[in-house]
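Below you'll find the structure, written out as structure tokens, and then a few comments.
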Amino acid sequence: MRHLDTDALSTFIAVVDHGSFTAAAERIGKTQAAVSLIVSRLEERVGKRLLERSRKGVHLTAQGEILMGYARRMLILEDEALCALECKLEATRVRIGMPDDYLDSLGAWLLQTFSAQHPEIQVEILCDFSKRLEPQVQIGDLDLAIVTREAGRPSGELLYAEAQVWCSVVGKRPEREQVLPLSLFSDSCRARPGILAALDEIGRPWRIVSSSSHLPGVLAAIRLGAAVTVLPASVVPDGWRVLGAAEGLPLLPQLELALLMPSGARLSTRRLANFIRDRYQDRQRAAIA
């Protein structure tokens with residue numbers, strides 16, 4: 001009779017979340033050889049190849065994707081059972097960080113939907129630049145964070161990749177100016193260098209008319225018709241114009257959203273993390289359909 005070992009599932013998850021057998025071994029306190037053996041035995045147990053191994057790291061196979069969803073839920077169920085038997089009180093506050101531009105589309109959804117399903121868990125959201133959120137997770141000031149990955153440094157667990165788009169308000173044409181006026185996030189924004197580099201590559205002159213650390217500040221100049229900006233496709237305000245090649249603007253690299261969560265996270269934190277994963281998996285399926 002076949003069964004799944006939750007310790008093996010935990011190791012499998014660690015390898016995927018940390019991107020390699022070596023990184024997973026460091027985080028869970030095992031040798032790299034032990035981690036590799038555990039995953040190999042898990043693959044033998046289920047009779048399927050779960051991971052594709054290459055010099056660039058590891059990636060889930062189609063069968064691995066299926067098992068991953070079940071594995072995360074099985075570990076949460078195991079934790080719930082142990083908590084119920086031991087009568088331990090679970091911390092009810094979860095502190096999550098995210099970039100400012102995702103507060104309306106993701107943060108509001110979490111506060112409304114997750115909190116309605118889990119009223120015992122208090123969600124506290126901190127908005128900041130991704131480069132500032134990452135160390136806060138590492139030192140424990142945040143329980144988890146959603147960040148945009150830095151180019152060439154695939155940190156965290158990939159949630160979703162989405163387009164960056166040029167946009168402006170209806171009725172104004174700032175993109176027609178000879179020197180393109182821009183309203184962008186400040187220098188701490190990871191997307192900003194790529195935006196400016198894309199303009200330089202096609203030889204389009206530009207100037208910064210507004211720079212802000214928060215989304216309302218970025219959008220203020222846009223609403224006045226004084227500039228164009230770049231936003232993730234999912235957060236462009238309703239009714240705004242999406243610009244592109246027809247306006248002489250370059251294609252931009254996709255943004256990769258990643259989930260950061262320390263190993264040994266509390267049950268309430270893992271519940272919220274799974275809730276977020278489900279949202280982005282649904283979005284991914286909708287995009288493919």
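Put simply, of Glu162, Glu150 the only residue that is farther than 14 Å from Val209 by Cβ, open to solvent by less than 30 Å² (accessible area, probe 1.4 Å) and of a type outside the set (Gly, Ala, Ser) is Glu162. Residues considered: Ala265, Ala258, Ala233. Of these, the only one that is among the small types (Gly, Ala, Ser), surrounded by 14 or more Cβ atoms within 10 Å (Cβ to Cβ), closer than 24 Å to Arg153 by Cα and out of contact with any Ser or Thr (no Cβ under 7 Å at 6 or more places or on another chain) is Ala265. The numbered conditions (1) farther than 26 Å from Arg93 by Cβ; (2) in contact with a Pro (Cβ under 9 Å, 6 or more places away or on another chain); (3) outside any helix (DSSP H, G or I) are all true for Leu251 except (2).
The residues of the stretch 260-289 that are of a type in the set (A, V, I, L, M, F, W, C), assigned to a helix (DSSP H, G or I) and either at pLDDT below 75 or within 14 Å of the chain's Cα centre (by Cα) (or both), listed by number, are Leu272, Ala273, Phe275, Ile276, Ala286, Ala287, Ile288.
The numbered conditions (1) farther than 22 Å from Leu103 by Cα; (2) of a type outside the set (Ser, Thr, Tyr); (3) in contact with a strand residue (DSSP E or B) (Cβ under 7 Å, 6 or more places away or on another chain) are all true for Arg192 except (1).
Give me a count of the residues in the stretch 219-248 that are out of contact with any Asp or Glu (no Cβ under 8 Å at 6 or more places or on another chain) and part of a helix (DSSP H, G or I). Break it down stepwise before answering.
Restricting attention to the stretch 219-248, the residues satisfying the condition of being out of contact with any Asp or Glu (no Cβ under 8 Å at 6 or more places or on another chain) are 219-227, 229-230, 236-242, 244-246.
Imposing the further condition that a residue be part of a helix (DSSP H, G or I) reduces the set to 219-223, 245-246.
Final tally of qualifying residues: 7.
In the stretch 179-218, the residue that is most open to solvent (accessible area, probe 1.4 Å) out of those that are assigned to a strand (DSSP E or B) and without any contact (Cβ under 8 Å) to a residue 40 or more places away in the chain is Arg207. Leu196 falls short on exactly one of the conditions (1) at pLDDT 95 or above; (2) under 27 Å from Ile276 (Cα atoms); (3) aliphatic (A, V, I, L, M), and that condition is (2).
The values are calculated or read from the model by the stated rules, or taken from the named source; none is laboratory data. Treat the numbers as computed from the prediction; the structure is a model and nothing was measured. For neighbour counting, all protein chains shown are included, and Cβ atoms are generated from backbone atoms with ideal geometry for every residue, glycine included. These area figures cover heavy atoms from the full protein model, side chains too; ligands, DNA and RNA do not enter into them. Shrake-Rupley method; radii C 1.70, N 1.55, O 1.52, S 1.80 Å.
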